[in-house]
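Down below is the structure, laid out as structure tokens.
The values are calculated or read from the model by the stated rules, or taken from the named source; none is laboratory data. Since the model is a prediction, treat every value here as computed from it, not as a measurement. Reconstructed Cβ throughout: ideal geometry from the backbone, glycine too, with neighbour counts over all protein chains shown.
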């Protein structure tokens, strides 16, 4: 839909899927998009959320189920960036995810062991924005278990730019460990059109060449608690301004 609206071809597509029970994971929320994703030539950011079980219940059997779903994409030539239990530092607060950082790391490494030999699959570690850098470290699974790093944040000021939003995290994880850096979700709060355009322009600026680990940026093109969309649902003037920032 975004490709049609912009006349451009996205390099990534993102879908969410929940593990609803410790008895197994069938990945139907991802697999129903298999043909669609295959036709785009884009990489799949697969956000697999352990909502219906605790971190301690992410067993090798559950991990094998995840790997089976991933293989159905990679066997069709789709690269998968497996964003397991994303925003773990946020979702444990309301109880969406159940467990602590030690249990998360164990679950992460269990999933990593199941998918590490799948050609075309990369494990994508993605916390939510934290107030200080030390708050990420307790959730860090270890460089040998991570292929891609990223962080979700929604800009709230027109002064936002890559350096003051992502710079510290980029230095601590992408540059330090020589990992791909990917922004899998971003938009603005509030959902002001001028603020959206300001943030989009900042993300599309040429100075990002100073961040060679940066591989991809995905806008959260959904209406949720706010209307985060920057293309769909906007007036023609805003859409045309947005398209100027697409490469």
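Worth a mention:
- Among (1) in contact with a helix residue (DSSP H, G or I) (Cβ under 6 Å, 6 or more places away or on another chain); (2) closer than 26 Å to residue 41 by Cβ - the single one residue 160 does not satisfy: (2)
- Residues satisfying the stated conditions in segment 110-131, i.e. surrounded by fewer than 17 Cβ atoms within 10 Å (Cβ to Cβ) and either assigned to a helix (DSSP H, G or I) or modelled with pLDDT under 95 (or both): 113, 131
- The set of residues in segment 192-221 being in a strand (DSSP E or B) and either surrounded by fewer than 18 Cβ atoms within 10 Å (Cβ to Cβ) or at pLDDT 90 or above (or both) consists of 214, 215, 216, 217, 218.
- Any pair with Cβ under 7 angstrom, 6 or more apart, that starts in segment 73-95 at a residue that is on the phi > 0 side of the Ramachandran plot and surrounded by fewer than 24 Cβ atoms within 10 Å (Cβ to Cβ) and ends at one that is in a strand (DSSP E or B) and modelled with pLDDT of 95 or more: 87/128; 87/152
- In segment 43-57 there is no residue that is part of a helix (DSSP H, G or I) and within 24 Å of residue 180 (Cβ to Cβ).
- Scan of segment 51-78 for residues that are within 22 Å of residue 13 (Cβ to Cβ) and touching a helix residue (DSSP H, G or I) at 6+ places or on another chain (Cβ under 8 Å), ordered by number: 66, 67, 69, 70, 72, 73, 76, 77, 78
- Failed item in (1) at pLDDT 95 or above; (2) surrounded by fewer than 18 Cβ atoms within 10 Å (Cβ to Cβ); (3) part of a loop (DSSP other than H, G, I, E, B), with residue 168 passing the rest: (3)
- Filter pass, residue 58 being crowded, with 16+ Cβ neighbours inside 10 Å and either on the phi > 0 side of the Ramachandran plot or touching a strand residue (DSSP E or B) at 6+ places or on another chain (Cβ under 7 Å) (or both): no
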